[in-house]
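Chemist: What follows is a structure written as structure tokens; I'll ask about it next.
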Amino acid sequence: MFRALTTRRRVATRLFSSSRTSSGGICFATSSADAVVVAAETGLYGLDVLKTAKGFRRFVDEAISRSGELVSYISQLPPSMEVIRAMDEISDTVCSVIDSAELCRNTHPDREYVEEANKASMRINEYLHFLNTNNSLYTAIVKVEHGGALHTEEAQRAAHALRVDFENGGIHLSDEKLRRINKLKIEIAKLGKEFNENIILDPGSVDIFPASRIPKNIQHLCRTIYRPVPSDGSSKSWITRKEKGYRITTDSSTLSSILKWVSDAEVRKQSYMKGNSMPHANLDVLNKLINARHELAQIMEYKSYADFAIRPNMAGSPDVAMSFLLDLSKHVRCKADEEFNVIRECKRQYLNERNADLEPWDEAYFVGMVKSSAYSLDSSVIASYFSLSRCLEGLKMLVESLFGATFCQVPMMPGECWHPDVVKLSLHHPQEGGLGFMYLDLYSRKGKYSGCAHFAIRGGRLISKSEYQLPVVALVCDFIGSPGSLTSRLNHYEVETLFHEFGHALHSLLSRTDYQHFSGTRVVLDIAEIPSILFE
């Protein structure tokens, strides 16, 4: 019932410093209503409880305490709309901890905050299993669904969704099986976090000599290194000579650039092999994760974990998903084969080798070459038009044109922000008023989430007839540079990615639901991508 609704990776989704603007930075207008910086101190993301890293412990304690009060309250209620409202408040209470911890552990530069967020995430996930197996809550939701007391369509949908979630959690099984399910779900959550943590901490690297093998336009992505050069036997051989090279960290973003821009096939191969085989520790994690998921599906009486995982979604079964993929494959196979042959022929002509095959590390490089020759397309020239600041201004114009809403940069209180590069935006509509808030954390840094993702921090919900809880989200990217940096220019793929994740954020900010259970991207997974793809 109470799901860990986090990153739309995936990533995904799912906030002190001065707000920054410059010719190369983020140029959203500042709201006149917020022109004076409020001096009062707050905590991370504006939550007073998170003034210190250890505040996550109190955050969890308070969430568990408040949820316990609501569980007792619901067990005494007759079937009514109030049951759904109180259930949704429990969901809102636990999700606020889960979502805040998820964003923190992926972006905060302070290791203490990351570790406390990890602990908080595990504790609250363990508590979720208590909620999801609480028979008094399940009984209350069954009674209210069939009691005729729900007066709105959304309330009826909420009751149905909550009941199905309870049953998907195994509440109908024996106590022994339920205890095992809870242990497996905790183990699966821990393994998932360990998998992602390993990727951040140990992405792998490749040392390349000499430095000339790396194109100048991507040398800023690598770390300069040196190695001693063997003596050449001359009279000055006693002088230590060093050769310059580069260390490529094979995280997904850097690897993508290497595969696209480096002409040296051996460099591409080494980077590809390392980037797709690290971290080695995840082999063991994956084996444990597969076994735990399979056991969970078996106890729940499903044929496979795929069947268990896809059942609550629109597709309904792996067979439907596979049928869709096979049907799609039939439609695109001919064109895909044609394009593959064109790319392979490009490589053969480039190398003057008639039997050369296309390797996995060749695709991006020769696709770029084909585009360049066939369409006179120079990606570096295209990137010159897409400075990050211009892209953000373009997004602002599109939102105003499509939805009549405007983004304004607003100041943050001391303690609210986790890094000086982060800015906060307010979305406002002339008739609707405030629509919500978005934090932008757009630049790459060590230890940060590698990739682009939309993170939910707070879902929207109707608190009373006159009060609405505004959604709060964060848009996290790993673009190279910093506010004001001339290197903050995006290639076409990065522009697409930015628009895609911005679409997720708009989905959350523009959504208006009575219950946060349905707010924004908190929908079934196989429809959650539609708004973002349309905006892309």
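The values are calculated or read from the model by the stated rules, or taken from the named source; none is laboratory data. Just so you know, these numbers come straight off a predicted model, no measurement behind them. A quick note on method: Cβ atoms are made from the backbone with ideal geometry, for glycine too, and the neighbour counts reach across all protein chains shown. Calculation scope for accessible area: heavy atoms of the full protein, side chains included, ligands and nucleic acids excluded. Shrake-Rupley method; radii C 1.70, N 1.55, O 1.52, S 1.80 Å.
Chemist: If you look for lysine pairs in the stretch 254-393 that are eight or more places apart or on different chains, how many of them have Cα atoms under 19 Å apart?
Modeler: So the count of such lysine pairs works out to 9.
Chemist: Now for a different question. Quick one: 3J(HN,Hα) in Hz for the stretch 437-443, Karplus 6.51/-1.76/1.60 with θ = phi - 60°, rounded, Gly and Pro as x.
Modeler: With the stated coefficients, the stretch 437-443 comes to 10, 9, 9, 10, 10, 9, 10 Hz.
Chemist: Determine the dipole magnitude for the chain: charges of +1 sit on the beta-carbon of Lys and Arg, -1 on that of Asp and Glu, nothing else is charged, the reference point is the Cα centre, and the result goes in debye to the nearest 20.
Modeler: For the chain, the charge dipole is close to 1360 debye.
Chemist: While we're here: If the chain between HIS428 and GLU62 were fully stretched, how many nm would it gain, using 0.36 nm times the residue separation less the Cα-Cα distance?
Modeler: So the chain would gain 128.6 nm between HIS428 and GLU62.
Chemist: What value, in deg cm²/dmol to 500, does the helix sum -39500 (n - 2.57) over DSSP H runs of n ≥ 4 give at 222 nm once divided by the residues of the chain?
Modeler: Value at 222 nm, helices only: -17000 deg cm²/dmol.
Chemist: Oh, and also: Once Lys and Arg get +1 and Asp and Glu get -1 on their Cβ, which of LEU178, ALA149, SER263 lies farthest toward the positive end of the dipole of the chain?
Modeler: Towards the positive end, the residue furthest out is SER263.
Chemist: Tell me the trypsin sites (Lys or Arg not before Pro) within the stretch 143-236 that lie in a loop according to DSSP and have at most 10 other beta-carbon atoms within 10 Å.
Modeler: Within the stretch 143-236, the qualifying trypsin sites (Lys or Arg not before Pro) (loop, at most 10 other Cβ atoms within 10 Å) are LYS236.
Chemist: Still on this model: Between SER379 and ARG247, take the C-beta separation as r, use R0 = 30 Å, and let me know the FRET efficiency to the nearest 0.05.
Modeler: Efficiency at R0 = 30 Å is approximately 0.75.
Chemist: Go through the stretch 329-344 residue by residue and turn each phi into a ³J(HN,Hα) via Karplus (6.51, -1.76, 1.60, θ = phi - 60°); whole Hz please, and just put x for glycine and proline.
Modeler: Each residue of the stretch 329-344 in turn: 4, 4, 6, 9, 4, 4, 5, 5, 4, 4, 5, 4, 5, 5, 5, 5 Hz.
Chemist: If packing is taken as the average number of other Cβ atoms within 10 Å across a peptide's residues, how do 363-369, 130-136 rank, most packed first?
Modeler: Numbers: 363-369: 18.6, 130-136: 17.0.
Result, highest mean first: 363-369, 130-136.
Chemist: Could you name the aspartates and glutamates whose alpha carbon sits less than 17 Å from that of LYS190, not counting residues in the same chain fewer than 8 places away?
Modeler: ASP99, GLU102, GLU115, GLU116, GLU126, ASP284, GLU295
Chemist: Given 0.36 nm per residue, what is the gain on full extension from GLU536 to ASP307 after removing their alpha carbon distance, in nm?
Modeler: 79.4 nm
Chemist: Mind running the shape call on the stretch 335-375? Use the C-alpha gyration tensor, a ≥ b ≥ c as the square roots of the eigenvalues: rounded below 1.5 for a/c, prolate if a/b tops b/c, oblate otherwise.
Modeler: Because its axes are fairly even, with a/c under 1.5, the stretch 335-375 counts as rounded.
Chemist: While we're looking at this one, here's another question. Give the shape of the stretch 188-336 as rounded, prolate or oblate, defined through the alpha-carbon gyration tensor: a ≥ b ≥ c are the square roots of its eigenvalues, a/c under 1.5 means rounded, and otherwise the shape is prolate if a/b is larger than b/c and oblate if not.
Modeler: Judged from the Cα gyration tensor, the stretch 188-336 comes out prolate (a/c at least 1.5, a/b above b/c).
Chemist: Let me ask something else. I'd like the distance between the alpha-carbon centres of the stretch 37-84 and the stretch 242-297, rounded to an integer number of Å.
Modeler: Measuring centre to centre over Cα atoms gives 40 Å.
Chemist: If each residue of separation counts as 0.36 nm, what is the full-extension length gain between TYR73 and PHE324 once their alpha-carbon separation is subtracted?
Modeler: Once the chain is fully extended between TYR73 and PHE324, it gains 85.8 nm.
Chemist: What is the stretch 295-421 by shape, rounded, prolate or oblate, if you read a ≥ b ≥ c off the alpha carbon gyration tensor as root eigenvalues and call it rounded for a/c under 1.5, prolate for a/b larger than b/c, and oblate otherwise?
Modeler: oblate
Chemist: Same structure, new question: I'd like to compare 91-103, 302-314, 323-335: which one has the highest average count of other Cβ atoms within 10 Å, and what's the full order after that?
Modeler: Most protected by this proxy first, the peptides run 91-103, 302-314, 323-335.
Chemist: Quickly rank 509-518, 197-206 as a protection proxy: mean count of other C-beta atoms within 10 Å, highest first.
Modeler: Those peptides, ordered most packed to least, come out 509-518, 197-206.
Chemist: TRP361: accessible area at probe 1.4 Å, nearest 10 Å²?
Modeler: Approximately 40 Å² of TRP361 is accessible to the 1.4 Å probe.
Chemist: Using a basic spin-label model with each label point 7 Å from the Cα along Cα→Cβ, how many nm lie between LYS177 and MET122?
Modeler: The modelled label-to-label distance comes out at 2.9 nm.
Chemist: Now for a different question. Computed FRET efficiency, Cβ-Cβ of ARG111 and ARG354, R0 60 Å: what is it to the nearest 0.05?
Modeler: Calculated transfer efficiency: 0.65.
Chemist: Between GLN298 and GLN469, how many nm apart are label points set 7 Å from Cα along the C-beta direction?
Modeler: Spacing of the two 7 Å Cα→Cβ label points: 4.0 nm.
Chemist: What FRET efficiency comes out for the pair VAL367/ASP284, r = Cβ-Cβ distance, R0 = 30 Å, nearest 0.05?
Modeler: According to the calculation, E is roughly 0.30.
Chemist: Set Lys and Arg Cβ to +1 and Asp and Glu Cβ to -1, take the dipole of the chain about its Cα centre, and tell me which of SER384, HIS492, LEU77 lies farthest positive.
Modeler: Farthest towards the positive end: SER384.
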